[in-house]
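**Student:** Attaching a single structure in structure tokens format; questions to follow.
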Amino acid sequence: FHRQAEQTCRQLVRTQEEHECLLQAAVEQAEGLEHNLRSAEAMLAERAAQLKDAQAQISRNKLLIEGLREENRGFAMALQAAELKQKSTEERNQLLEEQASALKQLIRKITPASLSG
């Protein structure tokens, strides 16, 4: 009975040692997982900050693009006005050239008549 009790006691000690080893392994695994979780959280926080910066840059770019569009509309209107003015000037120039030609023809007709008269 005494031997059986010793054997049972040794087996209980071995089982307790095995449980302690398993517990230690579980604790180490939990610590590793906790470390991995903290690393993942830090990476996520960094990525979130990067995305926030990118979003801010996108917002600034949108404002710049809108400003450029507005400026472009102004340039387009100025160009249209300049084109209309140029067309009007060309039409007046054509009219003046026609009038000058008619005056030259008139002067040619008048001049020989006044010289012969």
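**Student:** Do you know which residues across the stretch 56-78 are open to solvent by less than 100 Å² (accessible area, probe 1.4 Å) and hydrophobic (A, V, I, L, M, F, W, C)?
**Tutor:** A56, I58, I65, A76, A78
**Student:** On the basis of being part of a helix (DSSP H, G or I) and at pLDDT 95 or above, does L12 make the cut? Break it down stepwise before answering.
**Tutor:** Details: part of a helix (DSSP H, G or I): yes; at pLDDT 95 or above: no.
So L12 does not fit the description; no.
**Student:** Quick one: would you say R108 is basic (K, R), open to solvent by 90 Å² or more (accessible area, probe 1.4 Å) and modelled with pLDDT of 95 or more?
**Tutor:** Against the criterion (basic (K, R), open to solvent by 90 Å² or more (accessible area, probe 1.4 Å) and modelled with pLDDT of 95 or more), R108 does not qualify.
**Student:** Scanning for something at negative phi and either outside any helix (DSSP H, G or I) or of a type in the set (D, E, K, R) (or both), does the stretch 51-58 turn up at least one residue? Don't jump to the end; show me each part of the working.
**Tutor:** As a first pass, look at the stretch 51-58 and keep what is at negative phi: 51-58.
Retained after the next criterion (residues that are either outside any helix (DSSP H, G or I) or of a type in the set (D, E, K, R) (or both)): 52-53.
Within the stretch 51-58, one or more residues are at negative phi and either outside any helix (DSSP H, G or I) or of a type in the set (D, E, K, R) (or both).
The values are calculated or read from the model by the stated rules, or taken from the named source; none is laboratory data. Nothing here was measured: the structure is a model prediction, and the numbers come from that model. Just so you know, the surface numbers come from the protein's heavy atoms only, side chains and all, with ligands and any DNA or RNA stripped out. Shrake-Rupley method; radii C 1.70, N 1.55, O 1.52, S 1.80 Å.
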